[in-house]
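Asker: This is the structure I want to talk about, given as structure tokens.
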Amino acid sequence: MLDGEPIIQVKGIVKDFPGVRALDNVSLDIRPGEVHVLMGENGAGKSTLAKILMGVITPDAGEIIYKGKSIQIRTPLEAQSYGIGGVHQEFMLVPWLNVAQNIFINREPKRWKGLPFIDHRRMHEESAKALAKFGISVDTRQPVKYLGTAVQQMIEICKVLTTGPKVLILDEPTAVLTEREVEKLFQYIKVLQSQGVAIIYISHRLAEIRRIGDRVTVLRDGKYVGTVPVREVTDDTLVQMMVGRNITQMYPRHRRASGPELLRVKGLCVKDGPQEVDLVVHEGEIVGLVGLVGAGRTELARAIFGIDRPVKGEITVKGKPVWPKSPQQMIRYGLGLLPEDRKRYGLALNMPVTKNVIMASLRRHFRFMIDSQKIEKLSNNYINELRIATPSAYRLVRYLSGGNQQKVVLAKWLDTESKLFIFDEPTRGIDVGAKVEVHALMDKLVQEGAGILMISSELPEVLGMSDRIYVMFRGRIIGHFRYDEADQEKIGALMLGIGVKEADAS
Amino acid sequence: MSVRLATKAIEEFGHHKRTLLAPILRLATLLALCLILTLLSENFLTWNNIINVLRQSTMLVVIGLGLTAVVLTAGIDLSVGGVLALVGCLTAQLLRSGVPIPLAMLIGIGVGAILGYFNGILVGIIGLPPFVATYGTKWIAEGLALILMQGQIIFGLPKAFRWIGAGYIWIIPAPIIITAVLALIFHILLSKTTIGYDIYALGTNREAAFYSGINVRAVSLLVYTLSGITAAIAGLLMTARLDAAEVGMGEPFLMQGMASVVMGGTSLMGGVGSIGGTIIGALILTLVVNGLNLLGISSLVHNIVTGGVILLAVFGDSVLRKYSE
């Protein structure tokens with residue numbers, strides 16, 4: 001299966017963005033019927049390469065060879081004509097068009113050949129059929145904006161698959177999928193593989209790569225590091241290829257005796273959200289909060305931070321009772337929230353690093369007149385301290401990679417000099433290297449007397465970093481462990497509600 | 001190390017170059033326009049004409065100051081023309097019935113502030129789309145002016161009041177000085193203060209600003225109130241200059257004010273723009289009309305040319321923005 005002529009080859013691809021060389025002389029060949037994994041830290045150039053193959057952006061130099069012939073891919077339409085199709089990280093659906101319209105956008109089946117009348121019945125039937133392959137049954141007449149992100153993702157994949165691609169590019173497709181859909185997707189990938197479709201699969205999840213990958217190519221800082229058969233390489237080697245150094249410790253944690261209470265939540269209820277939640281965070285502690293998506297973890301964080309109003313309950317911060325009304329008020333009480341979706345809630349992407357760093361602490365430094373040199377100096381301190389990879393403090397945050405963006409959000413909260421933080425998925429979507437750095441920073445914060453409530457969906461992270469762990473299920477806290485009495489099986493079972501009495505669970 | 005420093009220096013220069021390019025080009029357009037008019041008409045580069053252009057542009061600049069603040073938050077204020085007319089008419093009525101000048105002006109500005117605050121409540125607290133909310137306010141303001149005037153036009157205002165629109169300080173018209181002072185205040189407010197920072201942050205990402213503890217409601221209330229106040233001041237200047245007030249006096253200013261703001265490079269999506277840009281936008285707009293007059297071109301085609309210039313400016317800006325990315 002792995003031999004044979006490559007269907008597509010790239011040679012010496014170079015792509016420059018302002019101030020960064022995103023791809024530097026990258027070469028690669030893809031054979032029919034293989035799952036070729038592209039791996040690398042955020043900002044390594046994986047997505048850029050994918051976009052070049054999909055015709056979304058054009059390379060500055062280099063060659064693309066399709067079945068032995070040199071070709072140019074200037075638009076997504078040209079890519080399609082060569083049978084190259086893929087799914088980006090960013091959603092490409094039109095929110096107010098319905099499911100079938102999205103799947104067949106720009107190539108709607110016609111009622112009579114050559115006439116512009118759409119055969120709606122066929123369009124809906126075929127859409128439903130394509131989705132059914134993944135076990136998804138939705139009303140194809142529904143606008144996609146009313147559907148969940150997982151279903152939207154599957155619609156995108158169906159949209160590509162109905163074009164009958166020879167080369168399928170999937171850029172981190174499982175990031176928003178649930179386990180069941182991931183399973184279906186992987187099964188289908190196997191089917192496509194047997195039909196000779198070449199699949200370029202971008203991911204940094206080692207477990208996935210092991211399951212479906214044939215060969216893996218690692219990129220680092222826009223450069224080609226190497227291509228290896230998945231079966232012949234260890235996880236450690238892959239990580240080392242990705243980050244360029246040995247990662248000795250994923251969870252650098254120095255646990256210490258906890259101090260006085262920083263946050264106490266008692267009987268907190270939010271409409272359609274958390275119910276009767278009790279929890280405590282002490283000084284010097286990282287407290288993990290786990291649960292399935294929809295268990296109410298983010299809603300709890302939002303309520304404590306004053307974004308959504310709780311219905312009832314009590315909250316005390318450092319012994320002082322407080323009823324959260326707005327983030328402004330809670331920040332004054334010394335609370336900071338690192339939100340789950342950093343691009344939407346955490347950052348002003350079109351502002352420079354400086355203005356993002358200062359966003360939550362501006363009035364701590366200046367009453368009315370702003371001294372921009374002071375902000376620059378302060379930003380440069382954080383850039384050095386947190387090792388934020390940016391050419392300048394004035395670079396717009398949108399040009400930074402995910403890990404560095406997250407560090408900017410961290411810098412923003414560090415500058416408030418808060419002692420109590422809620423970190424909602426602090427390492428989601430960032431690469432291994434940055435992940436370890438974020439972990440180390442969290443450890444340092446609690447060493448210095450802060451308390452952190454950490455929401456995370458990654459159990460190894462929760463187990464590796466937390467002192468205590470709360471498990472949430474359908475809005476309620478149904479489990480509480482010390483880190484040394486917890487393990488993946490116990491927590492995993494509780495997260496799914498296994499062993500919970502029906503009366504508690506409803 | 002030295003390599004890193006060098007790349008950093010290049011990057012920083014690049015950053016400044018990119019951010020400076022647009023304002024420089026805007027200024028260059030303005031100067032080029034002046035140069036062309038100087039070559040085409042000997043009457044252009046005369047003291048009287050220059051002063052005349054500046055005085056004509058003051059109305060657009062003053063309205064543009066508050067509008068810029070609103071547009072920076074990704075909002076819009078369609079009520080400025082209505083507020084201008086209402087304040088002009090109301091102040092004229094008050095003056096005619098013998099209310100002391102400072103008090104009459106204060107009431108006028110106060111009414112502008114209240115209408116602006118009303119817009120702020122509609123947009124920032126209740127959450128109506130700015131376009132609709134301020135359009136409603138425009139009708140209310142114009143309706144109030146109609147009732148107030150009963151179809152009349154008021155002439156003959158006190159001389160001391162007329163000074164703010166038609167008087168001189170030394171050899172420079174008073175409205176130019178007043179406008180310059182207001183512009184300076186707004187420039188400092190927007191570019192050097194915590195309040196200005198909040199306005200830009202709100203316009204760039206409202207949610208992130210809210211999550212970072214910025215009082216987004218207060219910012220909305222503030223910018224619309226400021227816009228009401230500047231529209232009111234423009235109403236006073238206009239009334240004083242014409243020595244008259246009538247219901248329709250605000251009509252041309254809404255779209256011209258918006259055009260100045262947009263031509264000045266302020267993005268309707270919020271977060272990008274400056275007072276300096278708005279001033280240049282207002283000057284270009286005024287110069288085009290002035291030039292057409294000097295060249296003796298029929299006023300029938302003025303609107304077409306003005307429209308073309310606005311489109312060109314906005315087109316140039318969008319090309320530039322793409323390039324600088």
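Asker: If a helix is a whole DSSP H run, which ones in chain B reach 30 Å or further along their own axis (Cα) and hold a mean Kyte-Doolittle hydropathy of at least -0.5? Mind showing how you got there, number by number?
Answerer: Details: long enough: B:2-40 (53 Å, 0.96); B:47-72 (35 Å, 1.34); B:216-242 (39 Å, 1.50); B:302-324 (33 Å, 0.80).
Long hydrophobic helices here: B:2-40, B:47-72, B:216-242, B:302-324.
Asker: Enter the angle in degrees (range 0 to 90, nearest 10) between the Cα long axis of helix A:432-447 and the first principal axis of the Cα atoms of chain A, meaning the one along which they spread out most.
Answerer: 0 degrees
Asker: OK, next. Please compute, for peptide A:340-353, the average count of beta-carbon atoms on other protein chains lying within 10 Å of each residue's beta-carbon.
Answerer: For this peptide, the per-residue mean of nearby foreign Cβ atoms is 4.
Asker: Build a GNM of chain B with springs between Cα atoms under 10 Å: which of B:Ile126, B:Ile171, B:Ile185 gets the top mean-square fluctuation?
Answerer: Among B:Ile126, B:Ile171, B:Ile185, the largest mean-square fluctuation in the Gaussian network model of chain B belongs to B:Ile171.
Asker: Pop out the Kirkwood hydrodynamic radius of the protein assembly as shown from its pairwise C-alpha distances, inverse of mean 1/r, in Å to one decimal.
Answerer: In the protein assembly as shown this quantity evaluates to 30.5 Å.
Asker: Something else now. Per residue of A:394-403, count partner chain C-beta atoms within 10 Å of its C-beta, then hand back the mean as an integer.
Answerer: 2
Asker: What accessible area, summed over both chains, is buried at the A-B interface (1.4 Å probe, Å², nearest 100)? Numbers along the way, then the final one.
Answerer: Numbers: alone 23860 and 16270 Å², together 37330 Å².
The summed interface area works out to 2800 Å².
Asker: Still on this structure, I have one more. When ranked by the protection proxy of mean other Cβ atoms within 10 Å per residue, highest first, what sequence do the peptides A:76-82, B:263-269 form?
Answerer: Details: A:76-82: 16.6, B:263-269: 21.6.
Final packing ranking: B:263-269, A:76-82.
Asker: What is the dipole size for the range A:281-369, taken about its Cα centre, with +1 at each Lys and Arg Cβ and -1 at each Asp and Glu Cβ, in debye to the nearest 20?
Answerer: Numbers: 15 positive and 7 negative charges, 99 e Å.
Dipole about the Cα centre, nearest 20: 480 debye.
Asker: If you fit an axis through the alpha-carbon atoms of helix A:179-194 and take the longest principal axis of the Cα set of chain A, what angle between them do you get, 0 to 90°, nearest 10?
Answerer: Computed tilt is about 20 degrees.
Asker: Loop-only GluC sites (Glu not before Pro) in the range A:198-279, please: DSSP not H, G, I, E or B, and at most 16 other Cβ atoms within 10 Å.
Answerer: A:Glu276
Asker: Reported to two decimal places, what Rg/Rh ratio describes the range B:196-305 when computed on Cα atoms with Rh from the Kirkwood expression?
Answerer: Radius of gyration relative to Kirkwood radius: 1.08.
Asker: Take every residue in peptide B:212-220, count the Cβ atoms of other chains within 10 Å of its Cβ, and give the average of those counts.
Answerer: Details: counts 20, 18, 8, 4, 3, 2, 1, 0, 0.
Average per residue, whole number: 6.
Asker: What relative contact order, as a whole-number percentage, does the range A:342-417 give when Cα pairs under 8 Å and 6 or more residues apart are counted?
Answerer: 50 percent
Asker: Keeping every protein chain in place, order A:Lys377, A:Lys343, A:Lys355 by accessible area at 1.4 Å, biggest value first, i.e. largest first.
Answerer: Correct descending sequence by accessible area is A:Lys377, A:Lys343, A:Lys355.
Asker: If you count the DSSP beta bridges with both ends in chain A, what percent of them are antiparallel, to the nearest 5?
Answerer: Within chain A, antiparallel bridges account for around 55 percent of the total.
Asker: For the pairs A:Lys69/A:Lys190; A:Lys51/A:Lys133; A:Lys320/A:Lys419; A:Lys133/A:Lys190, note any where the Cα-Cα span goes beyond 18 Å.
Answerer: A:Lys69/A:Lys190; A:Lys51/A:Lys133
Asker: Sorted by accessible area with a 1.4 angstrom probe, largest first, how do B:Ile121, A:Ile136 fall?
Answerer: Putting B:Ile121, A:Ile136 in descending order of accessible area: B:Ile121, A:Ile136.
Asker: Oh, and also: What accessible surface, in Å², does a 1.4 Å probe find on B:Tyr197, ignoring ligands, DNA and RNA and rounding to the nearest 10?
Answerer: 20 Å²
Asker: Rounded to the nearest 20 debye, what is the charge dipole size of chain B about its Cα centre when +1 sits on each Lys and Arg Cβ and -1 on each Asp and Glu Cβ?
Answerer: Details: 16 positive and 12 negative charges, 85 e Å.
With Lys and Arg at +1 and Asp and Glu at -1, about 400 debye.
Asker: On to the next question. Name the residue from A:Asn384, A:Pro352, A:Ile370 whose Cα lies farthest towards the positive end of the charge dipole of the range A:342-417, charges +1 on Cβ of Lys and Arg and -1 on Cβ of Asp and Glu.
Answerer: A:Pro352
Asker: What is the Cα coordinate range of the range A:342-417 on the first, second and third principal axes, sorted by size from largest, in whole angstrom?
Answerer: Projected onto the principal axes, the Cα atoms of the range A:342-417 cover 32, 24, 22 Å.
Asker: For helix A:149-161, report the angle its Cα long axis makes with the longest principal axis of the Cα atoms of chain A; keep it between 0 and 90° and round to the nearest 10°.
Answerer: That helix lies at roughly 10 degrees to the long axis.
The values are calculated or read from the model by the stated rules, or taken from the named source; none is laboratory data. It should be emphasised that the depicted structure is a prediction, and the values quoted were computed from it without experimental measurement. Positions of Cβ are generated from backbone atoms using ideal geometry, with glycine treated the same way; all protein chains shown enter the neighbour counts. With ligands, DNA and RNA removed, areas are computed over all heavy atoms of the protein, side chains included. Shrake-Rupley method; radii C 1.70, N 1.55, O 1.52, S 1.80 Å.
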